[in-house]
Amino acid sequence: MKRKLLFLFAVFAATVVSMAVQKPVFLAWYVASEGFSAADWWQVVWHGLSLDLTVAGYVTALPLLVVLASLWVRLPERIVQRFFWAYFAAVAIFTAAIFAVDLGLYEHWGFRIDSTILIYLADPREAMASVDFWLGVRQTLLFVVYAAAMIWLYVRVVRLFGGEPLGWRSALPWSFGILLLAGFDFLAIRGGTGASVANVSKVCFSSDMLLNHAAINPVFSFLSSLGDRTDYAAEYPFFDEQTRAERFEALRGNRPGAAPASHVLRVERPNVVLIILESFARTIMEAEVDGEPVMPYMRQLREEGLWFENFFANSFRTDRGEVAIMSGFPAQTRISIMKLPAKSRDLPSLARSLDREGYATRFVYGGDLNFTNQASYMYATGWRQLFWQKDFAFDAPTSKWGYDDRTMCDWFGEQVIEWSAEGGPFLAGLLTLSSHAPFDVPYDKFEDRVLNAMAFADECVGRMIERWKASPAWDDLLVVLVADHGFPYPKTSVYNEPLRHRIPMIWTGGALATPACTVEEYASQIDLCATLLGQLGVAHDDFDYSKDIFSPKLPKFAYYAFNDGFGVVDASGEAVYDAAADRVVSQTAPGLLEIGKTLLQTTYVDIGRR
């Protein structure tokens, strides 16, 4: 039995080592002139280990089953060893091919290999025609050396296998032991016990994307993207390409001369704090229990600040809402571009635009930013520093999603004051989490768990802002509060109706010239980037979809997407369309349906081109 266990551990360890060695090779290949420190090299290997463990978990799954069978049935060692030689040779050849091709392509693609390469392999003659001869020789040699090294290592591992069965008295308890090992193997495959499963974001740790890319396991990157073979441009063929492009030009946010008609800031380059409020629906903000407001702080801030009366979320999910808010990119129906790193990495972004203007960019979350590839997206789009659960060691319990809003608002509130004192403008983002299911919060104000959690989050954020008001930081501060998406409250609300997607957006802070004002124009999350950058005097030509709310030359409407359809709302009415059923759910204003179809089709054409 000792040989069987040693064999399994050796398989897992050999695979991890084989994968980990790719990191220093990649770094030596690409960063010789970058001047990274030894600590950077170690960080790459250390952070990349999580995906190496995942790949090792997959490789070890079949040997686990064979060992389990060998407890009960005699398996001739020579036959099993030949089977394993073939199995591990296939693993080695596949891994070496992926690694060699990826290493050669990275300098041209700028991202680690994924299933995109299959598009080019569909025409091998054309693919080979673009390969330099010496590049082909070099990568072939790398493939041979790496595959041979892996095979040499696996051959020695296979010799450890013992095929002798055990008596049933020993086989039974050891079977449970092997199943326990299988459980740990499953955890390695899944990526741990946290809410986020294995994804490329798990290895991201630096604002330098080259280091993050170096930490990615190319085998995982390729295999995890195999399901993404969608022809995005053909998903919603409402119009022919020429008609679609012409219709979109009328909706484009970055057209010439679309400057704001009014400026609401008294400070030219204020410190900007972006607070993304989990599930803060407009209906909950308006809700009361026995005459007591659920969100008194939000109501107070509405009266004191710049209130956007007709503002809507672009989606029903946090990841899509974040991209809409921070990149001005419309939400999708059945996919999330945040989960497609090769496509989301070059999206325009508020952080990147302000980083170019000398702003320090920092984002804070009390939970796991690996979830839905958030860390990868944020690092790629200009956020220089990320602070999340792994960086904190608060003397406070955590919920399913992480540290609660009270803990995080206390810390973030103090940090904003400290950052303000340092001088130099900054953009600081905070994503709250306590108002997310299962709504488990250290608070007891309302019997309804949802309303109680919402009230808790409202109070935490409200008190944080009161603290800023009493500090010198307030004079140069612009605070933008916006929900990531709505919430089905009341429960009778329909998932695709406009009311379900109506959310609050409030601007407050000492940097405002007109602290109390209501903006009536219809808009949505994608319009925040152009509107804010326009007020700061920062160019936003790269934001195709984001419309400056204060520009009189741009159309005023709100667009949102749900599971397989869209809604459009403006001052004249609404249009809701179910693409799955190919039917109009509601239409009270002419022309809005065509706007929604144009935006949905253009979004997917855009994704297909990236």
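Ignoring ligands, DNA and RNA, what accessible area per residue does the chain give at 1.4 Å, in Å²?
With all protein chains present, the chain gives 41 Å² per residue.
For the chain, the longest principal axis of the alpha carbon atoms and the long axis of helix 168-190 meet at an angle near 40°. To the nearest ten degrees, helix 318-327 and the longest principal axis of the Cα atoms of the chain are 60 degrees apart.
Put simply, the range 477-520 fits an ellipsoid with semi-axes of 29, 10, 7 Å; these come from the alpha carbon gyration tensor as the roots of five times its eigenvalues, largest first. Of the residues 188, 329, 6, the one whose Cα sits farthest towards the positive end of the charge dipole of the chain is 6 (charges of +1 on Lys and Arg Cβ, -1 on Asp and Glu Cβ, taken about the Cα centre).
Remind me, what semi-axes does the range 133-272 give for its equivalent ellipsoid, largest first in whole Å, using sqrt of 5 times each Cα gyration tensor eigenvalue?
52, 25, 21
Along its principal axes, the chain has C-alpha extents of 81, 59, 53 angstrom, given from the largest down. Summarise the long-distance tail of P(r) for the range 403-509 by giving the % of C-alpha pairs beyond 22 Å. Value for the range 403-509 (Cα pairs over 22 Å): 40 percent. What would the Debye equation give as log₁₀ I(q)/I(0) for the range 319-360 at q = 0.24 Å⁻¹, counting only Cα atoms as equal point scatterers? The Debye formula, applied to the Cα set alone, gives -0.79. So which of 390/556; 390/491; 2/202; 202/547; 553/597; 445/491 end up more than 30 Å apart by C-alpha? Correct reply: 390/556; 390/491; 2/202; 202/547. With no solvent and one equal point scatterer placed on each C-alpha of the range 1-59, evaluate the Debye formula and give log10 I(q)/I(0) for q = 0.17 Å⁻¹, two decimals. Each listed q corresponds, in turn, to -0.62.
Run the accessible area of the chain with a 1.4 Å probe and give the carbon-and-sulfur part as a rounded percent.
With neighbouring chains kept in place, the figure for the chain is 58 percent.
Ranking 436, 263, 501, 540 by solvent-accessible area of protein heavy atoms (1.4 Å probe, all protein chains present), from largest to smallest, gives 263, 436, 540, 501.
Overall shape of the range 439-557 was characterised from the C-alpha gyration tensor. The equivalent ellipsoid obtained from it has semi-axes of 29, 23, 11 Å, in decreasing order. Okay, helix-only estimate at 222 nm for the chain: each DSSP H run of n ≥ 4 adds -39500 (n - 2.57), divide by all residues, round to 500 deg cm²/dmol; what do you get? Estimated from H runs of four or more residues: -15000 deg cm²/dmol. Here the simple spin-label model places points 7 Å from the Cα toward Cβ, and for residue 93 and residue 184 these points are separated by 3.2 nm.
Within the chain, the cysteines lacking any other cysteine Cβ closer than 4.7 Å to their own Cβ are 204, 517, 529. Could you give log10 I(q)/I(0) at q = 0.14, 0.16 Å⁻¹ for the range 228-362, computed by the Debye formula over C-alpha point scatterers of equal weight, without solvent? Taking Cα atoms of the range 228-362 as identical point scatterers yields -0.98, -1.20.
Principal-axis analysis of the Cα atoms of the chain puts helix 405-422 at an angle of about 80° to the longest axis.
The values are calculated or read from the model by the stated rules, or taken from the named source; none is laboratory data. Remember, predicted model here, so these are calculated numbers, not experimental data. Cβ: placed from backbone, ideal geometry, glycine included. Neighbour counts: every protein chain shown. Protein only, heavy atoms only, side chains kept; ligands, DNA and RNA dropped before computing areas. Shrake-Rupley method; radii C 1.70, N 1.55, O 1.52, S 1.80 Å.
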